[in-house]
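Written out below as C-alpha cells is the structure these notes cover.
Here, each number is a calculation from the coordinates, and none is a lab measurement. Bear in mind the structure is a predicted one, so any value in this text is a computation, not a measurement. Backbone-built Cβ (ideal geometry, glycine too); neighbour counts: all protein chains shown.
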Amino acid sequence: MFRYAIRRLLFAIPTLLVISFIIFALLDLAPSDPTAQLPLTIPEEVREMIKLSLGLGEPFHIRYLRWLEQFLVNEPLNLIEQFWGIEIGNSEDRLRVRSWSTRAPVVDLIAARLPQTLSVVGVSYIVAILIAVPIGVISAYKQYSIFDQVGTFISMIGFSVPTFFTGTVMIVIFSVVLGWLPSIYDTTLEVRDYDSFVAQFKQMIMPVMVLGLFNAAQLSRFMRSSMLDNLNQEYVRTARSKGMGEPVVILIHVLRNSMIPVVTVIALGLPTTFAGAIITEQIFRINGVGQLLIGAIEGADIPTVQTVTFIFAVLIVVFNLIADLLYGMLDPRIRYD
Amino acid sequence: MLKARTLLLATAAAAMFATAAHAERGSDGQLKILYWQAPSILNPFLSGGTKDIHASSLIIEPLAHYDTDGNMVPALAEEVPTVANGGVSADLKSITWKLLKGVKWSDGSAFTAHDVEFTAAYCLDPAGGCNAAERFQDVTSVKAVDDHTVRIDFKVPKPFPYGPFVGSEAPIIQKAQFENCMGAKAPTCTDQNFGTIGTGPFKVVEFKPNDVVLYEANENYRIADKPAFASVLLKGGGDAVSAARAVLETGEFDYAWNLQVEPEILTTMEKKGKGEVISAFGTSVERLMVQLTNPDPALGDKRATYQDGKNPHPYLSDPAVRRALSMAIDREILVEAGYGQAGKVTCNVLPAPAIYASTANDWCKTQDIAGANKLLDDAGWKRGSDGVREKDGVRLSILYQTSTNSVRQGTQAFIKQMWQEIGVETELKNISASVFFGGDQSSPDTFQKHFSDIEMYTNNFNGTDPENYMLRWTCDKMPSPDTQWIGQNMPRYCDPEYDKLAAQLAETAAIEERAIIAKKMNDMLIDYGAIIPLIHRGGVAARANTLGGGAYPNVWDATPWNIQDWHRKK
C-alpha cells in the first residue's frame, strides 16, 4: 500500500509538468489581449507600453520557465515564510506570479477568495450529502414505491435543470416577490454576533440550496443504485436469517458496503468545491474562486487563468490519488501490492 | 404680536438647525453601488478598464472635473486657467494652475504642488505602463513653482491644454505614498495600488480585488459637512440584468452602473416603482467602418492595406455603393429594438458637444430604399438572377463583422435585411470582444486589421475637445503591417484636404473656429462614406428613488465625480 502510494505520487510529477506546459501553451497561443478592456480612447502606443510592462516582450520559453519557477519555487517559499513567520533568503526580490488586471500576486487573490468559496460551495456539498444519502437509501429499500418515484422525479429535475435557471427563479421568488432573502452576497460581512450570523445565514440559503440540490440529485442516484446492488447479495440474506433486525441489516451491513463507490464519487467531487461553482457564484455575486477564473478569462488576465487552472489540475490529481487509496482502505479485498 | 414673531423666528431657527444637523458628514448611513464589472485596482494609472477609474474617483481627485454637461469645474484648483484669466500663456505653450490651500490627504498630511509634479513624473515613466500617458502628450515639463502653483509646459501650442490633471482618468496621487513605486516597480506596489491615499470625499477601508470596495467618509475632506454618506459599498460582479434588478426590483442597491440591457426588460423592472432608469449622452457613436482597401486574403501582406491608393476595394470604392448602404438603413428601428432610452439616431461621427454637431448629413435620418436602389441602378449595378446586384463580375456581397453582444447581433440582423432590399447580400460574423478589441498581432480578427468589408463598433473621446478624435482619420493613422497594425483609421481613409484641416485644427485656439473646422472634417468623412454612423449611444444607469444629490451617469468624467453631494432623500 505504502509503495503503491509512493509510486503514484512520483508518477504525478511528470503528469503535472505536462499539464502545466499544456495549460501555459494553450493560453499563451490563444488570441487575447490584456489591454482589450481599456477604454478605446487610449491609443495603441500606450497599450504597447503597458504590454511591455507586463513582460509580454519576452519569448515563450523564458516566460514558461519563469512562471514555473515563480509557481513551484517562489510561491511555496512565500507560503512557508508566512506560515512560520521566518525569512528564507532575499524574499523582497523574489518574483511572484502577478495578475495583470489587479497587479497583485495571484496566490494572494486565491487565498482571499477561498473563505467564501469554501463556506458556500463546501456547505452546499455537505448539504448535498446529507440530502442524498437518506434519499438514496430509502429509495433503494422501497424500490418502485411512491417515495422512490417522487425521489427519482425530483432528482431528474435537479440533474437536468441548470443552476442559472434555478438560481434566477429562486431570486425572483424569494428576493423580488417575497423580499425575504438578499439576492446579492455581501462578502464584507463578518460574523461577530447573532444579528450578523442571521444575515450570513440568510445570504447563504439560496446559493447553498441551488448548488446542494444540484449535487444531491447526482449523489442520490449513485447511492440508490449502489444500495440496490448490495441488497440482493447473499450476505444480506445471511444477516436476516441470523435474526438481525432490519435497521441493523440496512444501516450497518448494507449501507457500509454501499458507501464504498459513493465515497469515491464524493472524494472525486471535492476538487470542484475549490473550483467553486462558476455559474452560481456569478448569479449571487459570491465572487469566489470560480468568479476569479471567469473574470480573468474575460479580462485576458493570463497569469491568473494559468495559475488557477493549474491549481485545479493539482487538486484533481491529488484527490484521484486519495480516492484510490480510500478505496483500498474501505474495501479490504482490494490491495494494490 | 411680538411674541408671535419671536416664536416664528425661533421655529425658523430650529428648522435651520434641523437641516444643518441633517447635512452633517456621515449622517446618511451606507450608500450601495453596483458595478457588474468589478474593480480590480484602485490606481487608475494601472487600471484595466473604466470600472477601476470610477472606483478610484471616490478617493483621488484631479485638478478639475467635467460636470454632466461637459463643463470644467475646479476640484483641487482654485479656478480653471484660461487665456482670459492669464492661466494659459498667450502662445498656448504653458498653463499655470493655482491649487486650493489647506487641502489635506486622508492621512492628514498637506496636499501640495509637489504631489502634482510627482504624478506627472510617475505617469511619464516609460517603464510604468501608465494608461493615461496620452493625457501628457507633448508635455515637456511639469514644475511646482511654489507649494500651491503648478506650471505645465508643452512642446507645441496647445489650444486645449486640459489633458493633464483634468477628469478622473488623470487625478493626483500622493508623492509620499508612491515615491518608491516608480517605473518598473509600479505594478509590484500592491499595498499602494490597493490602498490609495487621496484627497477625495472617501477613503478605502477594505478592498477585495474583482469583488468589492468598502469606503468610509474621509475625516480630512475639505468640505466640513460632506459627504453625507458615512460609508460606500461598491460591489462588483454578475451581469447587467441582475444589477438592474437589485436597484429597480429588490431595492437592495442604490445605484447600478452601465446597464446595457434590452430596453423592454428595463421598462418592466422600472414599473416596480423602487427606482428609475436614467441615461446621458456623450460622444459614443455606434458606427459602421467601411473598408476602402481590398481585404482579399489572396493579397497576402498587402491585404487590407492602402498601397498609396493602388489597392482599392472591389466595390466599396464606388461612392454610390457607400451612399446607398447608408440610405438603406432605418436607424429608428435599430434604436427602438436595441437601445431604447440609451440611443438616438445620428448622422455624425462627431455628435457632441452641441457646438460640434453638424446638421449637414441629416439626410441619413430617414430611410430611403427607393433612392438607394436608384443610385445603384444609375451606377450600373444590375440585379442578378438571385436578386444580388453585380457589375463586371463583382457581386455586392458584404462580410459584416462586429463584437459578440446580443444587441449588436440584433442590429446586424436588421441591417442585413435592409440591405437585402437594395440587392446587397450580407454575411454576418461576430468575434469575442477581447479578441476583436484586443490588438493581438497574431489574430486576423482584430478591428484594426479589419479583414472584412464592413465592421461595427462604438468609439468616443474623453473630455469635450474633439481634436485627437478627429486626427484619427488622417492618412498616417492607417493600420498596416508597417505600423504593427496600430492606428484608428479603420476605413483607410486618406484625403490630403482632410489632413490639411487637421493641421489647421491643431493651430486654432478660438472655440468657434475649432467647431467650424471639426464639423467640416466630420462632414467630409460622412459625405465620402468612409464612416456610416448609426446610433448616438448614451450611458444608462438605474438609481433608487431615495438617492438624491445629482447621482447621474457622467459621460465626460467618472460617474462618482460629485459623490460628496449624493445624499439620502428624506
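Peptide B:244-255 has a mean of 4 when you count, residue by residue, the C-beta atoms of other protein chains within 10 Å of its C-beta. Over the stretch B:221-376, all Cα pairs binned in 5 Å intervals from 0 give whole-percent P(r) values of 1, 7, 11, 12, 12, 12, 12, 10, 8, 6, 4, 3, 2, 0, listed from short to long. Compute the separation of the alpha-carbon centres of the stretch A:51-88 and the stretch A:219-252 and state it in Å as a whole number. One Cα centre to the other: 53 Å.
Working note: Karplus 6.51/-1.76/1.60 with θ = phi - 60° gives the stretch B:414-421 the couplings 4, 5, 4, 5, 5, 6, 4, 5 Hz, where Gly and Pro are set to x.
The residue list B:V241, B:G423, B:H313 was ranked by how far each Cα lies along the charge dipole of chain B toward its positive end, using unit charges on Cβ atoms, and B:V241 comes out on top. The three principal axes of the C-alpha atoms in the stretch A:107-330 carry coordinate ranges of 63, 43, 36 Å, sorted with the longest axis first.
In chain A, if the dipole is taken from +1 on Lys/Arg beta carbons and -1 on Asp/Glu beta carbons about the Cα centre, which of A:I279, A:V123, A:N230 is farthest to the positive end? Farthest towards the positive pole: A:N230.
A convex hull fitted around the alpha carbon atoms of the stretch A:42-122 yields 145 Å³ per residue. Taking the Cα centroid of the stretch B:380-409 and of the stretch B:178-221, what is the distance between the two, rounded to the nearest whole Å? One Cα centre to the other: 52 Å. Taking a sphere under 12 Å around the Cβ of B:A509 and counting the other residues whose Cβ falls inside, with K and R at +1 and D and E at -1, yields a net charge of -3. For the stretch B:118-166 versus the stretch A:272-304, the inter-centroid distance based on Cα atoms is 38 Å. Note that the stretch B:363-404 shows a convex hull volume over its alpha carbon atoms of 120 Å³ per residue.
In chain B, Cα pairs under 8 Å separated by at least six residues give a relative contact order of 19 percent. Exposure proxy shown here: for B:W105, A:W84, the number of other Cβ atoms within 10 Å sets the order, fewest to most, as A:W84, B:W105. Phi angles across the stretch B:235-246 convert, under the Karplus curve 6.51 cos²θ - 1.76 cosθ + 1.60 with θ = phi - 60°, into 3J(HN,Hα) values of 9, x, x, x, 9, 5, 5, 6, 5, 4, 4, 5 Hz, Gly and Pro given as x. What residue among A:T309, B:A558, A:V249 has its Cα farthest toward the positive end of the dipole of the protein assembly as shown, where the charges are +1 on Lys, Arg and -1 on Asp, Glu, each on the Cβ? Checked the options; the winner is A:V249. Given their separation in residues at 0.36 nm each and the Cα-Cα distance between them, A:R256 and A:I173 gain 25.9 nm when the chain is fully extended. Phi angles of the stretch A:247-255 translate, via the Karplus equation with coefficients 6.51, -1.76, 1.60 and θ = phi - 60°, into HN-Hα couplings of x, 5, 4, 6, 6, 8, 6, 5, 4 Hz per residue; Gly and Pro are given as x. Each Lys and Arg Cβ is given +1 and each Asp and Glu Cβ -1; about its Cα centre, the stretch A:107-330 then shows a dipole of about 740 debye. Stokes-Einstein, applied to the Kirkwood radius of the protein assembly as shown over Cα pairs at a viscosity of 1.306 mPa s and 10 °C, places its translational diffusion at 51 µm² s⁻¹.
If R0 is 25 Å, the Cβ-Cβ spacing of B:A510 and B:K143 corresponds to a FRET efficiency of close to 0.35. With contacts taken as Cα pairs under 8 Å at a separation of at least 6 residues, chain A carries a relative contact order of 27 percent. Averaging 1/r across all pairs of distinct Cα atoms in chain B and inverting the result yields a Kirkwood radius of 25.8 Å. The magnitude of the dipole of chain B, with charges of +1 and -1 set on the Cβ of Lys/Arg and Asp/Glu and taken from the Cα centre, is near 960 debye. Helical content alone sets the calculated 222 nm signal of chain B at -7500 deg cm²/dmol, taking -39,500 (n - 2.57) per DSSP H segment of four or more residues and averaging over every residue. Electrostatic tally near B:G200: other residues with Cβ closer than 14 Å to its Cβ, Lys and Arg +1, Asp and Glu -1, net -2. The local environment of A:L231, defined by Cβ-Cβ distances under 14 Å, has a net charge of +1 under the rule Lys, Arg +1 and Asp, Glu -1. Between B:G343 and B:G538, the built amide H atoms are under 5 Å apart, and every one of these is 5 or more places off in sequence or on another chain. Remark: spin-label model distance B:T366-B:V156 equals 4.3 nm, labels positioned 7 Å along the Cα→Cβ axis. Note on A:A25 and A:I146: the model spin-label points, each 7 Å out from Cα along the C-beta direction, lie 6.1 nm apart. Kindly provide log₁₀ I(q)/I(0) values, in the same order as q = 0.11, 0.12, 0.21 Å⁻¹, from the Debye equation applied to equal alpha-carbon scatterers of the stretch B:367-482. With one equal scatterer per Cα and no solvent, log10 I(q)/I(0) is -0.51, -0.60, -1.15.
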